[in-house]
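Every read-out reported here was derived from the displayed coordinates using simple, explicitly stated rules and does not represent laboratory data. The structure displayed is predicted, hence computed values, not measured ones. Cβ sites come from the backbone with ideal geometry, for glycine too, and all protein chains shown count toward neighbours.
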Amino acid sequence: MRLLRTALVLPLALALAAAPAFAANVHRAPTAAAKKSTKTTKSTKASARSRRPKAQQSIEPERVSQIQQALIRVHYLNGEPNGNWDSTTIAAMQRFQADQGWQTRIMPDPRAIKVLGLGPDYSNAINARGGSFGDPPPVATIPHDQAEGFTLASGVKQ
């Protein structure tokens, strides 16, 4: 019985192993749909050019006035804020950023905006009111069982 199984299994295994060696790769011509998809049309080129830029391109006049007021306050700009992102304002912002050791860009660096006091306002955040950022309570006010649990959990022996 064993000899019969071996006699049947061995030729079958050889046939399965040899089949990929004799297989040929068949290359077919592209279909009509594939030919159309490889071509670029005028509308495709136009839509690629009309994509929106990823970065901010301009600053609103109200925000420019705020930046100018901050630059005047720190003595990098003279005069009155006019709301125009002009060459004088750009030069003042670049000098400020260079003095901070930051890269000078045409658009203000977010760190510069924050240092000038114009960063985000979190005073109306959900957890801002009633939030406690003070020192933790003294150890003497923590219940003994709880303090002992903290000590055991920390793995530090006293």
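Quick notes
- Criterion violated by Gly117 - all others in (1) free of Cβ contacts under 8 Å to residues at least 40 places away in the same chain; (2) loosely packed, with under 13 Cβ neighbours inside 10 Å satisfied: (1)
- Test for Gln103: is it surrounded by fewer than 17 Cβ atoms within 10 Å (Cβ to Cβ) and of a type in the set (S, T, N, Q): yes
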